[in-house]
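Structure first, commentary second.
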Amino acid sequence: MTVTAFAPETEERFALARQVADAVLFEGYVLYPYRASAAKNRLRWQFGVLVPPGWGAECEEHDFQYTECLMEPKAGATLAVEARFLHARRRTVQRLRPDGDYETVPELRLDDRVLVPWDEGGEERVEVVAQVEDLLGDGVTHPFRRPARQDAQPVLDAAGRTVGRLVRRCEEISGQVRLSARELDGPYRTLRLTAVVENTSDWTAPEGRGADRDAALPHSLVSAHLLMALSAGSFLSMTDPPEWAKGAAAACRNLHTWPVLAGEPGRADLVLSSPIILEDHPAIAPESPGALYDATEIDEILALRTAALTDEEKREARGTDERAAAVIDLADSMPPEVLERLHGAVRSLREVTGETTPGFPDEHGVQRPDTPWWDPASDAGFDPEQDTVVVDGRSVGKGSRVELRPGLRHTDAQDLFLQGRAATVEAVLHDVDGTVHLAVTVEGDPGADIRREQGRYLYFQPDEIVPLEDRP
């Protein structure tokens, strides 16, 4: 039997995962500087766009997502699935004329914002709950449809007078969620779950318009992804499966999406299948003050740059979208202590040294262990200007001439341009892992003297040089 209503406990488990799923849903929704006129906001929605099948044949975009993952359900388990996507709403701006009629205009200027045409995204959810046993064989198919609709919102000026309206129109979209499972051979009862989300709309491009992505977006499932939860049992990680399941995990097919374990760390009863590749148990950074919709930049820089926009730029951003307006307000009202918290956090170091190590937190709240990860006293035995290293039986140190052979390491493409060039060793350095590095200046480099003054050298390891002569 298939139903479409989540139990309260299932809804509660989804709530935490939706924090990350929302970041997927609105990734790239509106980019800094949050204005519709910005070039980067004219080609939108690059992730998880499922276009109508009749149009997708004309382009390189897809009309479906295909997820396969492994699960170990217990007897009587149910699978709850939530397909999430944005439904594009095309917004036009109209001004109220003196005769009482409305006319469509490219912008409507108010005291606090400038309203412009824009495609908004309305969140849609499709919920399916099925017994795991019902997924065996042909599985279950759940079709859905969202009808076309149009509404108008009056626009008021500062005095409360109607000066125009925003007209929003949604086009009809339809799709389906298909779920099936197959039991695998092995030491444990394991099922391969297949979940497909597809756009089944019959829309095609109007005659003469060709492959017009802008026209197809209102008929598309935008930023589509899946949340899936087992009532009893667990999923297996697709990135780090147990040894006995590695072959079965490698045989799973995932097209235009990738499933990861979601929810609280340590649990494996929830999966997020996302068009953006994530790690298991992804989470929103606790320092993040709110959604900025632009994951290509770090929050601190983005907040500072947003706060530095001119008043006119902020007016246009506020008129572009309600979410953009919220970002502007967030940047303008962010207290210094919250902004300082964005300056950085070291999590991997805390995991290595251990949270229980005695010590005192620094000004950013990071616990300082009593024993440093590196012993400063160990530096006393090294002198970059006097130390040497033996290469091909010859002692190499400051002043030695060497030929550069960077082909062994291949870590910096620009180093390859120095193949065969002669250079002078300026210092022999040792890092905390015991690796030796040679600081060099290239012979014939007109900026060599400046490099020496500033200590800005090029660095090579001993297996990347050949001695040319003994040290002077």
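For Lys74, the lysines whose Cα falls under 23 Å of its own Cα, not counting residues fewer than eight places away in the same chain, are Lys246. With the simple model of a label 7 Å out from the Cα in the direction of the Cβ, Asp99 to Asp157 spans 2.1 nm. Under Stokes-Einstein, with the Kirkwood radius over Cα pairs as Rh, the value for segment 1-143 at 25 °C and 0.890 mPa s is 127 µm²/s. In the context of the full set of protein chains, residues of segment 184-314 present 46 Å² of accessible surface per residue (probe radius 1.4 Å, heavy atoms only). With the simple spin-label model, which puts each label point 7 Å out from Cα in the Cβ direction, the Glu469 to Cys59 separation comes to 6.6 nm.
For the chain, complete DSSP H runs whose alpha carbons reach 20 Å or more along their own long axis and whose mean Kyte-Doolittle score is -0.5 or higher are 8-25.
For segment 457-462, putting each phi into the Karplus relation 6.51 cos²θ - 1.76 cosθ + 1.60 with θ = phi - 60° gives couplings of 9, 9, 10, 9, 8, x Hz, in residue order, rounded to whole numbers and with x for Gly and Pro.
Let me check against my output: what whole-number percent is the relative contact order of the chain, with C-alpha pairs under 8 Å and at least 6 apart? Relative contact order of the chain: 16 percent. Averaging over all projection directions, the Cα-based convex hull of segment 183-245 occupies 7.4 nm² in the image plane.
Listed by chain and number, the lysines placed with their C-alpha closer than 21 angstrom to that of Lys40 are Lys314; residues fewer than eight positions away on the same chain are left out.
Using the beta-carbon distance between Val436 and Asp138 and R0 = 60 Å, what value does 1/(1 + (r/R0)^6) give for FRET efficiency, to the nearest 0.05? Using R0 = 60 Å, I get an efficiency of 0.40. Of the peptides 245-256, 226-237, 129-140, the order by per-residue mean of other Cβ atoms within 10 Å, starting with the highest, comes out as 226-237, 129-140, 245-256.
Return the inverse of the average 1/r over all pairs of distinct C-alpha atoms in segment 128-265, which is the Kirkwood hydrodynamic radius, in Å to one decimal. The Cα-based Kirkwood calculation yields 19.2 Å. Surface composition of the chain: carbon plus sulfur atoms hold 50% of the accessible area, using a 1.4 angstrom probe and ignoring ligands, DNA and RNA. Given a Förster radius of 51 Å and the C-beta distance between Ala291 and Arg456 as r, what FRET efficiency does 1/(1 + (r/R0)^6) yield to the nearest 0.05? Calculated transfer efficiency: 0.80. Average projection, convex hull of the Cα set of the chain: 34.1 square nanometres.
The values are calculated or read from the model by the stated rules, or taken from the named source; none is laboratory data. Please read all numbers here as calculations on a predicted model, not as lab measurements. Please note: Cβ atoms are built from the backbone with ideal geometry, for glycine as well, and neighbour counts cover all protein chains shown. Keep in mind that these areas ignore ligands, DNA and RNA; they rest on the heavy atoms of the full protein, side chains included. Shrake-Rupley method; radii C 1.70, N 1.55, O 1.52, S 1.80 Å.
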